[in-house]
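Input: a single structure, listed below in structure tokens.
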Amino acid sequence: MSRLVVVSNRVADLSNPSQADGLAVGLGDALAARGGLWFGWDGNVVKQGTRVAPNVTTSGDITTVTLPMTVKDYDEFYAGYSNAVLWPVFHYRLDLEHFEEQYLRGYKRVNSKFADALKPFLKDDDIIWVHDYHLIPLAAELRKRGFRQRIGFFLHIPFPPPDILAAAPQHEWLVSCLMDFDLIGFQTKGDLTNFRHYIVDQLKGQWSNGGAIAAYGKRTTAQCFPIGINVENFRDMSRTEQADEQIAFLQRRLIARTHIIGVERLDYTKGLPSRLKAFSRLLEKYPDNIKRVSLMQIASPSREQVEAYIDIKEELEALSGKINGTFADFDWTPVRYMNRSVPRDILAALFRGSQVGLVTPLRDGMNLVAKEYVAAQDDDNPGVLILSEFVGAAEQMQEALIVNPYNVEQMAEAMQRAITMPLEERVERQAALLKTIRAYDARHWQQSFLELLGSPRIGLVA
Ligand code: ADQ
């Protein structure tokens, strides 16, 4: 079997499983199974002109190679084209797109630098798996340097319809770069359909069964591979003695009997302001919930240098302050808002101890929190998942209470329905959701992608 080389913007610390997020677990498994190398940015920013050799660390069969980024690369490639153009556009937020000419130059330059830095570590028979929107031109750059082996790409975020994508400067170039991969993976059928529209309607390319594509004189294959989590691992984390203590502690300390939880990176795509407004509406419309229900919102800091992220942070602080100012009593705080990251075992316990899980992004590639919440529930007395119709997970998790995250009134109603849902219905919904997340777990995701990437079937237009 060929060695696997994973390339992504950030490389996870595989030596610290309690911190590893869902993606790190999935990729860590794949690397451990076949041996391999994980290459990416180390998260550090250095002064212009600093020359730093890549940092190589080996543990067992897995080697990680990381390198820092210069200030200019960070501004233009990371904060610029990746996170002020591609991230908002791919999440349908054209109002938040901010483009400057040098961003695109920076994006191309860093992809070329990544290819230069990666090349000496590659072996002729490696198979490469590139992740996410930061690295769309990487296959083209590696091909220029003579690498001929299979290269696959997985897009973790949504792929928008052509008329939205058109707002990204040089979108045709981006799509032509995607065509340099041997396999392009999307999260959902919806994303795949949007890509097909671009290829067929916009480029007049050819699209055959199984997602075999011919366009720009190139051939490739596109399919959807919904990402999943390591269900049993997360379940186990939510059921330790420590987790039980954590849940009992919360129940003793908090007067509210029903806990609603929301957990995400602090990002404008996650729909947090509407969620807080919906919680406020719940208290207004169903005052029985006063002193009985509380919302814990955990939002870890993210991309703090990008302007739109500063605005959303301020908005959330104001909104949670307003709700507490209006409704709180001496012995009850309706919203506990935390702007920090939480260890995964504590998260698992908090999910299990919460009767409602709120996952209401305005747009999301998949959303692993929805799957983690379900994995953590007690099957004989589970909580209820409220899920936005605009996250990838909604394509698979229809037994959740599906809501429109722009509709505050509807979300408040869904919370009330979740709080009052009979046990029998909760158990039924939980069983169906658990079955789905088990069938489409992290292993299924990486194995199905890598199997197709290694197969002779790809790239063959019927
Ligand atoms: P994200 O946008 O980061 O990922 P998500 O899929 O929810 O979103 O994954 C976040 C991970 O980080 C989860 O494992 C979650 O538990 C963890 N996490 C979130 N907030 C945390 C906090 N405050 N403390 C600790 N841990 C926290 C991108 C795409 C998604 C896609 C994933 C994987 O935007 O749509 O599902 O990649 O493909």
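The values are calculated or read from the model by the stated rules, or taken from the named source; none is laboratory data. Predicted model only: the values in this text are computed from it and were never measured. We place every Cβ from the backbone using ideal geometry, glycine too, and count neighbours over all the protein chains shown. Note: areas computed on protein heavy atoms with side chains; ligands, DNA, RNA excluded. Shrake-Rupley method; radii C 1.70, N 1.55, O 1.52, S 1.80 Å.
Tabulated results
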item	result
Condition check for D42: of a type in the set (D, E, K, R) and in contact with a helix residue (DSSP H, G or I) (Cβ under 9 Å, 6 or more places away or on another chain)	no
Members of region 354-371 that are open to solvent by 10 Å² or more (accessible area, probe 1.4 Å) and either within 13 Å of the ligand (Cβ to nearest atom) or closer than 23 Å to L86 by Cβ (or both)	L362, R363, D364, N367, L368, V369
Residue within region 397-408 that is open to solvent by less than 10 Å² (accessible area, probe 1.4 Å), of a type in the set (V, I, T) and either assigned by TED's automatic domain parsing to the domain that holds K291 or under 30 Å from N209 (Cα atoms) (or both) present	yes
Any hit, region 166-182, residues being within 16 Å of the ligand (Cβ to nearest atom), assigned by TED's automatic domain parsing to the domain that holds G28, of a type outside the set (A, V, I, L, M, F, W, C) and touching a strand residue (DSSP E or B) at 6+ places or on another chain (Cβ under 8 Å)	no
Cβ-Cβ under 7 Å pairs, at least 6 apart or on other chains, region 344-367 side among the charged types (D, E, K, R), far side open to solvent by less than 10 Å² (accessible area, probe 1.4 Å) and more than 10 Å from the ligand (Cβ to nearest atom)	D345/A243; R352/S238; R352/A243; R352/A376; R352/Q377
Single residue of R105, R143, R109, R93 found to be of a type in the set (K, R) and under 22 Å from the mean Cα position of the chain (by Cα)	R93
Condition met for I151 (within 15 Å of L183 (Cβ to Cβ), away from the ligand (no atom under 16 Å from the Cβ), touching a residue at least 12 places away in the same chain (Cβ under 8 Å) and in contact with a strand residue (DSSP E or B) (Cβ under 9 Å, 6 or more places away or on another chain))	yes
Wholly enclosed strands (runs of 3 or more DSSP E) of region 1-110 bearing at least 1 residues more than 20 Å from G152 (Cα to Cα), among the small types (G, A, S) and open to solvent by 50 Å² or more (accessible area, probe 1.4 Å)	55-59
Selection within region 333-347 - farther than 17 Å from D236 by Cα and either near the ligand (Cβ under 7 Å from one of its atoms) or under 17 Å from the mean Cα position of the chain (by Cα) (or both)	R340, S341, V342
Selected residue (only one of I255, I260, I227 is of a type in the set (V, I, T), within 16 Å of the ligand (Cβ to nearest atom) and over 16 Å from I437 (Cβ atoms))	I260
Among (1) of a type outside the set (F, W, Y); (2) touching a helix residue (DSSP H, G or I) at 6+ places or on another chain (Cβ under 9 Å); (3) more than 26 Å from V46 (Cα to Cα) - the single one D124 does not satisfy	(2)
